[in-house]
Each structure stands twice: as structure tokens, then as C-alpha cells.
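In what follows, a single structure is set out as C-alpha cells and then discussed.
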Amino acid sequence: MDDSLSSKMTPRTDAEYKAAIDLLLTEMHRLNQQMRTDEAAIDRLKTETETLKRETRALLASMGAAV
């Protein structure tokens, strides 16, 4: 979080409060988008992991290993 959003910010006028709220909303939207991006990457990696597990089990089974 950058300094403009820190707890040190003390708005005094209506315009300053609006500016502060706008900054916070912008940061919330950015973090929400980052979270969605991260969740999509996690889901993709989970799918890849499951695929690799299946392939590994199949390969071990074809080699006669107990799985």
C-alpha cells in the first residue's frame, strides 16, 4: 500500500474525504483484480498438478510399480 493510503492521512474537508475514499476504492478494485488473477493461476496449477499425478500413476503402473 503506498503512502497516500496510509493511516497518516487525515482528511479535513469534504473534498479531501472524497479524494481519500476514491483512493481507497481504487486500491480495493486493484486488489480485487489481483486476487481474481491469483485465483485463476491457482486453479490452473491445481489442474496441472492433478494431470501430472494421473500421468505419474499411469507411468508407474505401466512399469509395474505399486501405486
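Each reported figure results from applying straightforward, stated rules to the coordinates on display, with no laboratory input. All of these numbers come straight from a predicted model, not from anything done at the bench.
Here are some notes:
- Against the main long axis of the alpha-carbon atoms of the chain, helix 14-62 sits at an angle near 0°.
- Among (1) 81, 27, 17; (2) 75, 17, 12; (3) 51, 17, 11, the entry derived from the coordinates for Cα extents along the principal axes in Å: (2)
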